[in-house]
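Participant: I'd like to ask you about the structure that follows.
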């Protein structure tokens, strides 16, 4: 089964650290705004995506997204899975998400 959805993040929005149970990557295609995605076991990799760019998140890898623009962030998310929804939150990383968001704000990178 393929799941496709359009996600919209308002300015300043972020999601929780989470991962997906499926065994294929998640594809994120940015339509508007700037996405800042942290990926990895400890959210150690920072990836910026702009309109027209596509991000591939490896299967089962924790990640979280932030809206890095002053307008809406709009993206198409495509996942292949036999079971949708297939997302689980990673609460142990939530403090990391909050720290990363605060760093983005303090460095002025949330309105690029």
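Participant: Which condition breaks for residue 66 when tested against (1) without any contact (Cβ under 8 Å) to a residue 24 or more places away in the chain; (2) not in a loop (DSSP other than H, G, I, E, B)?
Facilitator: For residue 66, the exception is condition (1).
Participant: Next question. Just the residues that are modelled with pLDDT under 70 and in contact with a helix residue (DSSP H, G or I) (Cβ under 7 Å, 6 or more places away or on another chain), please, taken from region 70-112.
Facilitator: 110
Participant: Please verify whether region 51-60 includes one or more residues that are closer than 20 Å to residue 102 by Cα and in contact with a strand residue (DSSP E or B) (Cβ under 6 Å, 6 or more places away or on another chain).
Facilitator: So far as region 51-60 goes, no, none of its residues is closer than 20 Å to residue 102 by Cα and in contact with a strand residue (DSSP E or B) (Cβ under 6 Å, 6 or more places away or on another chain).
Participant: Which one is surrounded by the fewest Cβ atoms within 10 Å (Cβ to Cβ) among residues in region 51-63 that are assigned to a loop (DSSP other than H, G, I, E, B) and out of contact with any helix residue (DSSP H, G or I) (no Cβ under 8 Å at 6 or more places or on another chain)?
Facilitator: My answer is 52.
The values are calculated or read from the model by the stated rules, or taken from the named source; none is laboratory data. Please read all numbers here as calculations on a predicted model, not as lab measurements. Note that each Cβ is placed from the backbone with ideal geometry, even for glycine, and that neighbours are counted across all protein chains shown.
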